[in-house]
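Step one of this worksheet: look at the structure below.
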Amino acid sequence: MDLVIRNASLPDGRRSIDIAIEGGRIAAVGPALPVQGAQEIDAAGDLVTPPFVDAHFHMDATLSYGLPRVNASGTLLEGIALWGELKPQLTQDALVQRALQYCDWAVARGLLAIRSHVDICDPRLLAVEALLDVKRQVAPYLDLQLVAFPQDGILRSPGAFDNLKRAIAMGVDVVGGIPHFERTMADGAESVRLLCEFACERGLMVDMHCDESDDPLSRHIETLAFHSQRLGMQGRVTGSHLTSMHSMDNYYVSKLLPLIREAGVAAIANPLINITLQARHDTYPKRRGMTRVPEMLAAGIPVAFGHDCVMDPWYSLGSGDMLEVAHMGLHVAQMTGQQAMHECFLAVTETPAAILGLDGYGIAPGCHADLLILDCSSTVEALRLRAARRLVLRRGKIVSEAPRASARLHLPGRPETVNFRLGR
């Protein structure tokens, strides 16, 4: 074998497992495998997991914080207005360099697959060209899936639908939308119909910013689910954000959730950004601002978490750490039971990988040898510690490594070091 990882703990709870790798793929998984590797790595009981996956991001805006000015109010609408001010000043080279820098951060964080929305309302399609270039450059070490996103509304922004069609023809992968930002509820519903029918005709996936609002009457997710079912697009449609659901009455939601499940629509919450941008008009009581993650999971709806923003007009923080995203998600959703916390880990690994349709993802024979060795022993401990990424492997090759987390103490009669892990 090219490589054998020994004594690994796996996300499903198995311990003392070996993983044999040959030709960039996993050849065998099991305890005490009777094989030898040209290279052998002792995981020493640490967690070995498939890489992190970000199901919702905006790479065209990332690392642009402060350009052309700072979002003084910190609100969603000022962020959209600020992005509108920045777009005429964008250059393709600057977009590419910022995106490549972020992809470096991502690899170091064990984030090897990203679905990024790219604004298509600029008729130059400058950001589309830039991110298609980035996609080609990072392909050896990171899967970048692009969504044609009409930030200013597919009907509200003149020429946006034509721009979207051009972006898809250029190689963008997924059809996006933003129905709640159209001028009227009727226009929002019409935009969903048009975009779903366009995607269906071309066999494409759909991922819409949907109901990113505190208005309980913003119910475009219902329309999205209806058209997904009508057009037979189950498993190809995703609603992102869905924050209006936190303000809806329980009776309506009791009808909505089965419709979403039957329509095969997945959901993506963005905990860091939803908790920051939503409920800005509230005094007290103040809403949490994130969609109903536990309720959707209980209803059988796939739910993933996205980072959404890193150092851009909407969010001044972030570093590409999906464990930080999941950590915020479990707190905001009050998912602190053991199984619930494990579900939050899956929301940044297995679930978004399925939503993106990633080929060969997982820890099983035949899967790509894209793996992380984390400085922890379980998925829950990974979330608690935001565990260091000891090793990041892409197709069986090490692409990033980092030391274990520890601190040296100078305390009489106490241990010389601590590593924050219980019992170690």
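Okay, here's what the table says:
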item: Antiparallel bridge percentage (DSSP; both residues within the chain; nearest 5); result: 40 percent
item: Over the range 148-235: Kirkwood hydrodynamic radius from C-alpha pairwise inverse distances, Å; result: 12.9 Å
item: Packing rank of 121-130, 86-95, where each peptide gets the mean count of other beta carbons within 10 Å, highest leading; result: 121-130, 86-95
item: Percent of Cα pairs exceeding the 36 Å cut-off, where the set is the chain; result: 26 percent
item: Packing rank of 389-396, 251-258, where each peptide gets the mean count of other beta carbons within 10 Å, highest leading; result: 389-396, 251-258
item: Burial order of peptide ranges 290-298, 75-83 (average beta-carbon count within 10 Å, highest first); result: 290-298, 75-83
item: Summed residue charge, Cβ within 12 Å of Thr223's Cβ, Lys/Arg positive, Asp/Glu negative; result: -2
item: Per residue accessible area of the range 1-115, 1.4 Å probe, in Å²; result: 38 Å²
item: Residue-wise HN-Hα coupling along the range 396-406, computed from phi with Karplus coefficients 6.51, -1.76, 1.60 (Hz; x: Gly, Pro); result: x, 10, 6, 10, 7, 8, 8, x, 4, 7, 7
item: 1.4 Å probe accessible area per residue over the range 239-377, in Å²; result: 35 Å²
item: In nm, spacing of pseudo-spin labels at Gln89 and Ala139 (7 Å Cα→C-beta vector); result: 3.4 nm
item: Inter-part distance where the range 346-424 and the range 255-286 are each reduced to a Cα centre, Å; result: 29 Å
item: For the range 89-119 and the range 313-341, distance of Cα centres in Å; result: 21 Å
item: Span-rule helices in the chain, defined as complete DSSP H runs reaching 20 Å or more along the axis (Cα) with Kyte mean at least -0.5; result: 92-108, 185-202
item: Gained length - Arg395 relative to Leu100, 0.36 nm times residue gap less alpha-carbon distance; result: 104.2 nm
item: Rounded percent of accessible protein surface that carbon and sulfur make up, the chain, 1.4 Å probe; result: 54 percent
item: In the chain, lysine pairs with alpha-carbon atoms under 27 angstrom apart (chain gap of 8 or more, or interchain); result: 5
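The values are calculated or read from the model by the stated rules, or taken from the named source; none is laboratory data. None of the values given here were measured: they were computed from a predicted structure. Positions of Cβ are generated from backbone atoms using ideal geometry, with glycine treated the same way; all protein chains shown enter the neighbour counts. Accessible surface is based on the protein model in full, side chains and every heavy atom, while ligands, DNA and RNA are left aside. Shrake-Rupley method; radii C 1.70, N 1.55, O 1.52, S 1.80 Å.
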